[in-house]
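Participant: Please find one structure pasted underneath; my questions will follow.
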Amino acid sequence: MATPSPDSRPTPSLPTPSRRQLLVGATAAAAVGLTATRASASTYAGAPARAAGAPAYVRGSGGDVHATRIRTWAADTWRSLVAMTDPSTGLPADNIPETLAAQDRSGYTSPTNIGGLLWSTVVARDLGIISRGECTTRLLRTLRTVDRLEHHTPSGMFYNWYDEASGEVLTTWPDDGNRVYPFLSSVDNGWLGAALRVVMNADPGAAPLARRIFGRMRWDMFYDADTSHPGVRPGGLIHGGFYDAPPPPGFSGYTGNHTGVGPDVWYTNHHYDTTVSETRITSYLGILTGQIPGRQYYAMWRTFPASCDWAWPEMQPVGETRTYDGIEVFEGAYTYRGMRIVPGWGGSMFEELMPDMFVPESSWAPRSWGLNHPLHVRAQREHGLLEAGYGYWGFSPSSNPAGGYREYGVDQLGMNPDGYFSDQEKTNVDAGFGDCREGTNPHPTFGDGVVTPHASFLAMMHEPREAAANLARIQDELGAYGRGGFFDAVAVRSGTVARRYLSLDQAMVMGSIGNVLADNVIRRAFSTRDVERALRPVLGVEEFGAGPA
């Protein structure tokens, strides 16, 4: 299963999540009154507008007051990202409180944070927040620092934590002085790699340097095809990552080197093995570069099997087995409110939709992601508004309004038996596993729900009216908004706000707005013709078990 990365650690008032180290819709929509259209037919290669079947988007023309409001949200979000960025290195801090004061920056950054700043800079340019010249200048400043960062030379991969002010690899935590064991995470490097490809195709001035850095990254360094290793199925899986120096005490893994270049490293035992996960971006990068075979995509679970010996999850899936590229895939789905949905590990919005910011999954894979994405968004909306009755929706890992960091989600949309919960009380939903095991809590009462704005911004790529209405209410009624845009999360019944900005979550806000208001800028820059040729045949043939129940 997708276990946490070993490089997670607590931080003062904001523990770093393990995954980093490593929708009454019509009435609400009418209140906001956004103008949405279905994207016209075109291709993602080069400059043409939108691919056929791309998600609906909100037009920014015609003086629409609500599109203007979304642009204001983007400008304020950009302000927080600028405040987090060291002006000399161009590296963003991991987080900053509502003060937006330079001295309050977290003191550390990650490849994911750096990648988020890069794609957010491109969005800021296309929204007119900054000029083209400023965009290039900022990109180059960041990339020049990235180019000189200490990294694992044989693979071109980067360590998980750096000092944003100096660019040095973090070996002690700035708050408590505890030792840091530098780790190379496949998903963190994946988001930096995705951002580099955006820059390569979006900014001619910064493209050569981005191309050089991306060109030295070996995605096959993370690819484990050895089925004798625990959990590895035919097609192979992606490691959580590796250490290139002796790992911390108690480390569980083994030494090896999948590329055969350079000395052996210490690989984690855990692999990323669920397809509804942000980690599929690393698979995409490996496949599009030809370093990982396309069949690896089918080695990941859609759900675990429906048999009684797999009865430990909280719901029994339904589905049938199909074969792709010689690999048998159980196309399982969970049943929720009249929908069949392929679940993630935790049931969070970013697991489902963060890769969709870069790859037009719905149009390239209409029988899989084209079904699952809108159903997941609808399910999150119905959970918040109807099932749990919070009055708001959008659940994803975020700052905990009570302090620290937590993984939030819709429990019924996740395979994790421990759950990503939607409320502070950690209300667990256990429907049972068919005839194999009775449910322990099939009809719970939910408590103080926690919504995070970045989840609604991701959903805006599929439900623009409903998402914008939800966000407007979070701002107007809950007051979860400051000079740097939406605060990271809010507990809706107590009204407690996590008055903090996280650079990754702000970058998801920027990337989603860029796709919605700036003509799919992130998707167009990432999903060029060569990427389409590599990925679309892999994604496009699959048929999920998603749809009406």
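The values are calculated or read from the model by the stated rules, or taken from the named source; none is laboratory data. Remember, it's a predicted structure, so these values are computed and weren't measured experimentally. Because the Cβ atoms are built from the backbone with ideal geometry, glycine has one as well, and the counts that use them run over all protein chains shown. Side chains are part of the model used for accessible areas, which takes the heavy atoms of the whole protein and leaves out ligands, DNA and RNA. Shrake-Rupley method; radii C 1.70, N 1.55, O 1.52, S 1.80 Å.
Participant: Which of the residues belonging to region 80-93 are assigned to a loop (DSSP other than H, G, I, E, B) and either crowded, with 24+ Cβ neighbours inside 10 Å or among the small types (Gly, Ala, Ser) (or both)?
Facilitator: Passing the criteria: Ser88, Gly90, Leu91, Ala93.
Participant: What number of residues within region 144-170 are open to solvent by less than 40 Å² (accessible area, probe 1.4 Å), more than 22 Å from the chain's Cα centre (by Cα) and of a type in the set (A, V, I, L, M)?
Facilitator: Residues flagged as open to solvent by less than 40 Å² (accessible area, probe 1.4 Å), more than 22 Å from the chain's Cα centre (by Cα) and of a type in the set (A, V, I, L, M) within region 144-170 amount to 3.
Per-residue answers, yes or no, for (1) open to solvent by 30 Å² or more (accessible area, probe 1.4 Å); (2) in a helix (DSSP H, G or I):
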residue	(1), (2)
Glu438	yes, no
His443	yes, no
Ala455	no, yes
Arg473	yes, yes
Tyr501	no, no
Asp505	no, yes
Met508	no, yes
Ile513	no, yes
Arg524	yes, yes
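Participant: Which of the residues spanning region 425-436 are among the hydrophobic types (A, V, I, L, M, F, W, C) and open to solvent by less than 50 Å² (accessible area, probe 1.4 Å)?
Facilitator: Val429, Phe433, Cys436
Participant: Could I ask something else about it? Within the bounds of region 101-112, is there any residue that is outside any helix (DSSP H, G or I), modelled with pLDDT of 50 or more and more than 24 Å from the chain's Cα centre (by Cα)? Give the derivation first.
Facilitator: Initial filter on region 101-112 (outside any helix (DSSP H, G or I)): 101, 105-110.
Narrowing the set further to residues that are modelled with pLDDT of 50 or more leaves 101, 105-110.
With the extra rule that they be more than 24 Å from the chain's Cα centre (by Cα), the set shrinks to 101.
Checked against the condition, which is being outside any helix (DSSP H, G or I), modelled with pLDDT of 50 or more and more than 24 Å from the chain's Cα centre (by Cα), region 101-112 yields at least one hit.
Participant: Which one of Pro374, Pro401 is crowded, with 22+ Cβ neighbours inside 10 Å and at pLDDT 95 or above?
Facilitator: Just a single option satisfies the conditions, and that option is Pro401.
Participant: Let me ask another. Which members of region 293-307 meet the condition of being of a type in the set (Gly, Ala, Ser) and either open to solvent by less than 10 Å² (accessible area, probe 1.4 Å) or in contact with a Cys (Cβ under 7 Å, 6 or more places away or on another chain) (or both)? Spell out the reasoning first.
Facilitator: Here is the first cut: in region 293-307, the ones of a type in the set (Gly, Ala, Ser) are 294, 299, 306-307.
Residue satisfying the conditions is Ala299 alone.
Participant: Let me ask you something else. Suppose the filter is open to solvent by 10 Å² or more (accessible area, probe 1.4 Å) and under 9 Å from Phe544 (Cβ atoms); does Arg367 pass it?
Facilitator: Yes, satisfied.
Participant: What pairs come out if I take residues in region 154-178 that are on the phi > 0 side of the Ramachandran plot and pair them with residues that are charged (D, E, K, R) whose C-beta lies under 8 Å away, six or more apart or interchain?
Facilitator: Gly156/Arg216; Gly156/Arg218; Gly167/Arg148
Participant: Just to be sure I understand, how many residues within region 526-546 are assigned to a helix (DSSP H, G or I) and open to solvent by 10 Å² or more (accessible area, probe 1.4 Å)?
Facilitator: Residues of region 526-546 that are assigned to a helix (DSSP H, G or I), as a first pass: 526, 529-540.
Still in the list and also open to solvent by 10 Å² or more (accessible area, probe 1.4 Å): 529-530, 532-534, 536-538, 540.
Number satisfying all stated conditions: 9.
Participant: Return the residues of region 251-291 that are within 14 Å of Val531 (Cα to Cα) and β-branched (Val, Ile, Thr); say none if nothing qualifies.
Facilitator: Ile281, Thr282, Ile287, Thr289
Participant: Restricting the search to region 387-426, which residues are outside any loop (DSSP other than H, G, I, E, B) and polar (S, T, N, Q)?
Facilitator: Answer for region 387-426, where residues must be outside any loop (DSSP other than H, G, I, E, B) and polar (S, T, N, Q): Ser398, Ser399, Gln412.
Participant: Given the criteria hydrophobic (A, V, I, L, M, F, W, C), closer than 30 Å to Met221 by Cβ and touching an Asp or Glu at 6+ places or on another chain (Cβ under 6 Å), does Val265 qualify?
Facilitator: Here the answer is yes, as Val265 does meet what is asked.
Participant: If you take the residues in region 230-251 that are in contact with a His (Cβ under 8 Å, 6 or more places away or on another chain) and open to solvent by 40 Å² or more (accessible area, probe 1.4 Å), which one is nearest to Arg197 (Cα to Cα)?
Facilitator: Filtering first and then ranking leaves Asp244.
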